[in-house]
Amino acid sequence: MPSKTRLQIALSLLAALLAIGSVGYKLLLDLPWFDCFYFTLYTITTIGYSEPDAMTAHARYFTAGIIILGVGTIGYAVSSGVQAIVESGVISAFGKRKMFKDINKLSGHYIVCGAGRVGSRVIREIAHSGQEFVVIENDETNADRLLAAGHMVLMGDATDEMILKAAGIERAKGLVCAVSSDPDNLYITLTTRDINKEVFIIARANDESAVNRLKKAGADRVVSPALTGSAQMAQMLLRPAVAEFIELATMTERLELEMEQVEVRPGSPFIGVALKDTGIRSEAGVIVIAIKRFSGHMIFNPEADAVIEEGDVFVAIGSHASVGKLERLANPTSSPVR
C-alpha cells in the first residue's frame, strides 16, 4: 500500500478515535463537550494529566482502551508520515536522475525555452508532429503541467548556459526562444549560437525593435506575435479566402489539410527525375507548391519539367496520410525524418 494512503488511513483512524473518545466520555461522565475532547486528546497522546474527579470504574476501562488504541494509531501515523516524506524525496531524486538520463540519450531533438502562451502552442505543435523535445521552464506550475502530460522538462532559467547544456543544446536540431522578455531571448540566442553553430534558432520578439537585434545575435528566424497577428487580421479583412486557406493548411487542429516539408535524401529515386515524372500528384495525392534547393534557393510553383536534385526539400500540401505517402515515395529505403 502506498505510504500516502497509509498516512491518510492513520489520520482518519486518529480522527475517529478522538470522536469516539469524546462521545464516550460524554456518556460516561457527562462532562462538557470540550472537556471530553481535551481529556481524550491528552489520553491518546499519553501526556498523563490528572483524571477528572467524576471518574468511574467504567470510565477507567474505557480510558485503558483509548490509550491502547491511541498509542498504536499515533505510532502508525508517525511511521507512515516519515515513510511518505522519505519516499517523496527518493521518488523526486529518482525522477530527476531519470529525466537527465533520458535527455542525455537525445540527439537531433528540439528545445523550447519558455512554456507560456506562445511556448505552450509551440510545444503542442512539436508534440503533435511526434518529434522529441525538451522544455526549459522556470515556472513551477507550468513545469508540473508539462511533466504530468509526459513531456521532458527542466526547471530552471534558460539564460543559464548550464541549463542549456543539460537540455542537450550541443546535440539539438533546433531551439525556440519563447520567453516573454526580449533581453532574455537575446541572451539565450547569443549563448546558444556560441555553443552550437549549426542549431536552428527561432526567437520570439515582443518589440519590433528587437527583431534585428535577435537576427544579429544569431537567430535564423524571428517571429513577432504582434506583427504576425496584425498581418493575419489584415489578411482576414482584405482577403478572407486566402486567410482561410492559410489557416486550413497550417492549423493542425483543423486536420483538413497539412502543409509539410519532405527532404530528398541520398539514394532517393527522385534524384535526376523531372517533377512531372515522379508520380507525386497521382500516387501521393499532394500538391508541391515549392521546392527549396540545397543552396537555399526557393522555387515557388515549380514547373513540371523541374529536375529534382539531392538535398531538395518539397513544400507540399495534402492530408496527413498523403504527406506520409510522399515521404515514402521520395525516400523508400530510409526512415521518415520530419
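Could you order peptides 196-204, 222-230 by the average number of other Cβ atoms within 10 Å of their residues, highest first?
Working: 196-204: 18.6, 222-230: 14.1.
Those peptides, ordered most packed to least, come out 196-204, 222-230.
Between Rg and the Kirkwood Rh of region 107-223, both from Cα atoms, what is the Rg to Rh ratio? Intermediate values should be presented prior to the final figure.
Values: Rg = 12.8 Å, Rh = 13.7 Å.
Rg/Rh for region 107-223 comes to 0.93.
Which residue fluctuates the most in the chain, going by a Gaussian network model with Cα springs under 10 Å, if the choices are PRO52, PRO302, PRO266?
In this elastic network of the chain, the residue with the biggest mean-square fluctuation among PRO52, PRO302, PRO266 is PRO52.
Work out the FRET efficiency for ASP160 and ALA127 from their Cβ-Cβ distance, taking R0 = 35 Å, and round it to the nearest 0.05.
Values: r = 25 Å, r/R0 = 0.70.
The computed FRET efficiency comes out at 0.90.
Under 16 Å from the Cα of LYS165, which aspartates and glutamates turn up, not counting those fewer than eight places away in the same chain?
Straight-distance partners of LYS165: ASP102, GLU137, ASP157, ASP194, GLU198.
Report, ordered by chain and residue number, the aspartates and glutamates lying within cross-link reach of LYS197, taken as a straight Cα distance under 12 Å and ignoring same-chain residues fewer than 8 apart.
Straight-line reach from LYS197, under 12 Å: GLU170, ASP220.
Listed highest first by mean packing, meaning other Cβ atoms within 10 Å per residue, what order do 141-149, 69-77, 178-186, 118-126 come in? Numbers along the way, then the final one.
Details: 141-149: 14.6, 69-77: 16.7, 178-186: 20.0, 118-126: 18.2.
The peptides rank, most packed first, as 178-186, 118-126, 69-77, 141-149.
If you restrict to DSSP beta bridges whose two residues both lie in the chain, what percentage is antiparallel, to the nearest 5? If you can, show how the numbers build up before the last one.
Details: 15 of 34 bridges.
Approximately 45 percent, going by the DSSP bridge assignments.
Quick one: length gained pulling GLN232 to THR45 fully straight, 0.36 nm per residue minus the C-alpha distance?
On the way: separation 187, 0.36 × 187 = 67.32 nm, distance 6.90 nm.
Between GLN232 and THR45, full extension yields an extra 60.4 nm.
Using the Cα gyration tensor of the chain, with a ≥ b ≥ c the square roots of its eigenvalues, what is the shape: rounded (a/c below 1.5), prolate (a/b larger than b/c) or oblate (neither)? Walk me through the numbers before you get to the answer.
Values: a/c = 3.20, a/b = 2.99, b/c = 1.07.
The shape class here is prolate.
Can you list the residues, at least 5 places off or on another chain, whose amide H is less than 5 Å from the amide H of VAL134, using H built in the peptide plane?
TYR110, ILE111, VAL112
Bear in mind that the values in this text are calculations on the coordinates, not laboratory data. All figures in this text were calculated on a predicted structure; none of them were measured in a lab. A quick note on method: Cβ atoms are made from the backbone with ideal geometry, for glycine too, and the neighbour counts reach across all protein chains shown.
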